[in-house]
Amino acid sequence: MSKENAAYRDVNENPCNMCMPMGAILPFKGVEKAMVIMHGSQGCATYMRRHIAEHFNEPIDVASSSMNEKDTVHGGEPNLKKGLANIIKLYQPAVIGVLTTCLAETIGEDIDRIAGKFLRENGLDLPIVTVPTPGYGGRHTEGYFLAMKKIVESLARPTEGHGKINVLVPHLSPADLREIKRILHLMDIEYTLFPDFSDTLDRPFEKPYKKIPDGGTRLADIAAMPGAIATIEIGVTLDERSSAGHYLAEKFGVPLHQVPIPTGLEFTDGFLKLLQQLTGRDIPASLVMERGRLLDCMIDAHKYNFQGRSVIFGEPDQVYAHSQFCMENGIYPVVAATGSKNDKLAALLSELFTDCPHEAAILTQTDFARIRAVSANGAANIAIGHSDGRYLEEREGIPLVRVGFPIHDRVGGQRLLSVGYAGTTMFLDRITNTLLEHKYRNYRQSMYDQFYQDTENCRSECAEGRGDENELYCS
Amino acid sequence: MRDTERLEAAIEERKDSIQTKGKQKQQLKCDTNSVAGCVSQRACVYCGARVVLNPVTDAIHLVHGPIGCASYTWDIRGSLTSGSDLYRFSFSTDLQEMDVIFGGEKKLARAIDGLVEKYQPKLIFVYSTCIVGVIGDDLEAVCKAAARRHGIEVIPVQSSGFIGNKSAGYRAACDALLKLIKPAENEQISKNNTINYLGDFNLAGEVWIIKDYLQRMGLALNVAFTGDSNYETLKTATKASLNIVQCAGSMIYLANQMKEIYDIPYHNVSFLGLEDTSDSLRRIARTYNDLEIMRRTEELIKAETAAVAPLLARYREKLRGKKAAIYVGGGFKAISLIKQFREIGIDVVMIGTQTGRQEEYDTINDLVDDGTVILDDANPSELERFMVEKGAHLLVGGVKERPLAYKLGIAFIDHNHDRKHPLSGYVGAVNFAQEVYSTVCSPVWKYTGEGGGLDEQRKCCLS
């Protein structure tokens, strides 16, 4: 296996990631009655809203302090204060997230001070969570985790033990979050899932329209996280410094268990075993049945899957879970790649790929130009990741199974389910069927091209003396 | 005045940017900075510049900045090409913390060198982003040196996000184009009888449709700014004898500059809807004062109109009496849409733009009926409120507005840059009517009316 880490390069060609503040918006969308404002120029908020709205097919309201040239010279404090006042008027939020952008960070805006001053001047008692997220400070994945940590840091309070479990989730789909909640319900476990955008970013059609949708982790539940019996943090590649789980462990002594995303048989087993171990609850018969069905599905499809040579890309934890899932189904990876800088992922994948029968490239801090080249070179025949990998399909003919973020050239990104036994089964079917679809489309022609001998033409070709190989086939 | 009372109470600064036709006497406030915290739908300077320049097909579009700016603008627009497709790639210097501290000039120079080696382009646009404007990289100098080093055009686009709004980006793009089309020092410009077409980005082949019309009239398209243009064709721009300008918001500045510098007159045109398309073709024909051209133009208008009129009449039957809300980027599009809706029997009850100009709002005000809400730089709260109050059946807008309309149970028309079918010319007028019909008359709305609430849904399930 080869590892590649383009730590410093001059051009990123077709990016495999987005910027830090975009990722930081998402956890806020999973908090009860939260509103976000970005401190910087107007465009950042608009671009990110557009990107997020297109994926979820939901209205995404994010405010901006709309700084202009003058504010850049004299400081953006008046803008941010006015922005905060206006979103309170328009949205009546219960909590506000203030995210910075390249502009605010580079001119050195002190958002903590400004937010504090704003609250004092207006005599308000409203939680404002500040997150420093310069676009050059990290990828969207890092922004997501940092925002989670900052929210917990700001809102969690010393709390009496209450027997619940904190479940911290990475950037999954609303359907995935609903599946995790269903599993917790089936096991009769009391939990606080954070962030919970299962309803807010996939809301039902209902009237009247609400500017801030119902749902999201309740503020009181976040405040009470320190009283939990344990924290399960889904995510094994995140930095300790941006881990809400680590914060709760260090500050309040809540035991931390980090697990991979429960996609695939092994990782779902691991997740359920941990739940069992923490609560003493049995795994209910219905989930055992679901496991059996997944296994049945894996057996039914194993020969088709064995023909798959996968290219896996996206956010680090997803890449890890999807790689494991591909390994256990014989869809052996040719490339596993992320735009993030992530040494933990590289180490985990190195270990995972020791059983891979061919060389699997591990690319971190990479771009799609590189992923495409290595995929084509390694004869990959199935791509697993978000819509930005579409050129693999368009230019290299490698069919793309869409999963992750963003999905902007198909509908239903918010409903893509790939966790738990049931979700994994559906995910695997999608992959197997994509392989089959490709096979049905091509095998007649491919067999014809390989084996059919047009006797007449072949004789004449042989007569022209195309060598031993041709003569062998013609005889 | 009832219409605006509640909003005045909400955000004082927004009140002069919202009017109800027939109720206010003062001019609508527009072309100002967005108000902080109001959730403007506008993008930034860089966005404006990128939209205008990106359709130049064989150019390298290199974003000097952090990754997000390149990521959010990568191949999200439907400009088509008849040649190179290099423009569909997204290149960024992907600035990191250290670059911000020590400056990004050297990295940019190396990036250009690497791209020249890999792709041998004749033209590179280097876009400035917020951060470049703040750390003070000398884009001009780096580009100039690189151009000299490689013997190609490397043109800086001054599009730092904070220097204004999207309109400032249009201007930055036009300045870059002016640099590109400038003839060499001692080059003689030999004029020909062709037309430049400004402000069409060849979405779903729209430039090709207009090119065909011009040919049938006996005229020739020289180059479009910037749909399906390339280095070679743009270099011939100064030879044309007439500029026609569609998207005036982005291109009127370029048209004025070309008139001043190269003595090329221009007409404003619009190919959205039958009325505007026919008017525009006639206006172009008249410029030439040539009876044959005018005859062929009338012939074309007659044939095309006759072909689509029965189709439009059928849609008008279905759509008569429906009410539309419009929220689009620029004024020209908004104006054409009012007329286009009229052609299919629909009234406009709310209309706004992100970056419309004063004279465009004056025209809008003249065109709409009393009681229509007109607003500049609106936010989701305002759009929601006026669409509901005015009982709009459909909204025309961009990607961000679409889910809002759907959540309100309102039909939606994608009049944005990532659409996949043309809305220009006669064929576009039919497509438009067809799209309006497909969204307004979808059976889905049977289930979302008054009975769309959860309680009703529950009752439905039980009955």
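The values are calculated or read from the model by the stated rules, or taken from the named source; none is laboratory data. Since the model is a prediction, treat every value here as computed from it, not as a measurement. Ideal geometry is used to build each Cβ from the backbone, glycine not excepted, and the neighbour counts take in all protein chains shown. For the accessible areas, the whole protein counts, side chains as well, though only heavy atoms, and no ligand, DNA or RNA atoms are used. Shrake-Rupley method; radii C 1.70, N 1.55, O 1.52, S 1.80 Å.
Structural remarks
- If you wrap the Cα atoms of the protein assembly as shown in a convex hull and average its projected area over all directions, you get 45.2 nm².
- Local charge for A:Ile261 was computed over the other residues whose Cβ lies under 9 Å away, with Lys and Arg +1 and Asp and Glu -1, and equals -2.
- Summary of packing: across the peptides A:170-180, A:26-36, the per-residue average of other C-beta atoms within 10 Å ranks them, highest first, as A:26-36, A:170-180.
- Sulfur and carbon atoms: percent of accessible area, region A:238-390 [1.4 Å]: 50
- Mean separation of Cα contacts under 8 Å (6+ apart) over length of region A:285-428, as relative contact order %: 24
- Remark: region A:386-392, residue by residue, has Karplus-estimated 3J(HN,Hα) of 7, 4, 5, x, 4, 5, 4 Hz, where x stands for each Gly or Pro and the curve is 6.51 cos²θ - 1.76 cosθ + 1.60 at θ = phi - 60°.
- Accessible surface for region A:20-138, divided over its residues, is 28 Å² per residue with a 1.4 Å probe.
- Ordering A:66-77, B:187-198, B:52-63 by mean Cβ neighbour count within 10 Å, with the highest value first, yields B:52-63, A:66-77, B:187-198.
- For chain B, the longest principal axis of the Cα atoms and the long axis of helix B:380-389 meet at an angle of about 30 degrees.
- Looking at chain A, the DSSP beta bridges with both ends there are about 5 percent antiparallel.
- Complex-versus-alone comparison for region B:396-443, residues with a loss of 50 Å² or more in accessible area, probe 1.4 Å: B:Val399, B:Lys400, B:Pro403, B:Lys407
- Peptide packing: for B:283-290, A:254-261, A:18-25, B:108-115, the average count of neighbouring Cβ atoms within 10 Å per residue gives the ranking A:18-25, B:108-115, A:254-261, B:283-290, highest mean first.
- Carbon plus sulfur fraction of accessible area for chain B, probe 1.4 Å, in percent: 51
- Karplus-derived 3J(HN,Hα), 6.51/-1.76/1.60, for each residue of region B:254-268, Hz, glycine and proline x: 5, 4, 5, 5, 5, 5, 5, 7, 10, 6, 9, x, 9, 10, 7
- Under 24 Å of direct C-alpha separation, and excluding same-chain neighbours fewer than eight residues apart, A:Lys207 reaches these lysines: A:Lys29, A:Lys33, A:Lys89, B:Lys322, B:Lys323, B:Lys390, B:Lys400, B:Lys407, B:Lys446, B:Lys459.
- Accessible area per residue in Å² at 1.4 Å probe, computed on chain B: 38
- Spin-label zone in region B:57-87 - amide nitrogen under 20 Å from a point set 7 Å from the Cα of B:Met98 along the C-beta vector: B:64-68
- For the protein assembly as shown, share of DSSP beta bridges that run antiparallel, in % to the nearest 5: 10
- Dipole of the protein assembly as shown computed with +1 at Lys/Arg Cβ and -1 at Asp/Glu Cβ about the Cα centre; of A:Gly23, B:Leu375, B:Val134, farthest Cα towards the positive end is B:Leu375.
- Fraction of antiparallel bridges per DSSP, chain B only, in percent to nearest 5: 10
- Chains A and B together bury some 6200 Å² of accessible area, summed over both sides, with a 1.4 Å probe.
- Taken residue by residue and averaged, Cβ atoms of other chains lying within 10 Å of the Cβ of B:57-67 number 3.
- Whether region B:45-181 is rounded, prolate or oblate, judged on the alpha carbon gyration tensor where a/c under 1.5 counts as rounded: rounded
- Spatial offset of region A:255-325 relative to region A:47-84 amounts to 39 Å, using the alpha carbon center of each.
- Only protein atoms count toward the accessible area here, which uses a 1.4 Å probe; on region A:31-131, the carbon and sulfur part of that area reaches 49 percent.
- Relative to the longest principal axis of the Cα atoms of chain B, helix B:274-288 runs at roughly 40 degrees.
- Relative contact order (%) - criterion: Cα under 8 Å, at least six apart; region: region A:165-279: 25
- Burial of accessible area (probe 1.4 Å, heavy atoms of protein chains only) in region A:7-45, relative to its chain alone, reaches at least 50 Å² for A:Tyr8, A:Asp10, A:Val11, A:Asn12, A:Glu13, A:Asn14, A:Pro15, A:Gln42.
- For chain B, the longest principal axis of the Cα atoms and the long axis of helix B:105-119 meet at an angle of about 90 degrees.
- Counting Cβ atoms of other protein chains within 10 Å of each residue's Cβ and taking the mean over peptide A:403-409 gives 1.
- Residue mean of other protein chain beta carbons inside 10 Å, A:75-82: 2
- Solvent-accessible area per residue for region A:285-428 (1.4 angstrom probe, square angstrom): 34
- Chain B, relative contact order in percent, only Cα pairs under 8 angstrom and at least six apart counted: 17
- For region A:125-157 versus region B:20-89, the gap between their alpha-carbon centres in whole angstrom: 28
- Distance from region A:332-407 to region B:231-274 (C-alpha centre basis), Å: 45
- Comparing the full protein assembly with the isolated chain, the residues of region A:180-208 losing at least 50 square angstrom of accessible surface (1.4 Å probe) are A:Phe205, A:Lys207.
- A simple charge model with +1 on the Cβ of Lys and Arg, -1 on the Cβ of Asp and Glu and nothing else charged puts the dipole of the protein assembly as shown at about 1920 debye relative to its Cα centre.
- Axial C-alpha extent at least 27 Å, average Kyte-Doolittle at least -0.5 - helices from chain A (DSSP): A:285-306
- Low-density loop positions, GluC sites (Glu not before Pro), region A:232-317 - DSSP coil, at most 14 other Cβ in 10 Å: none
- A:Lys117 sits among other residues whose Cβ lies under 12 Å from its own Cβ, and their net charge, with Lys and Arg +1 and Asp and Glu -1, is -1.
- Unit charges on C-beta of K, R, D, E only; dipole of region A:166-273, Debye: 380
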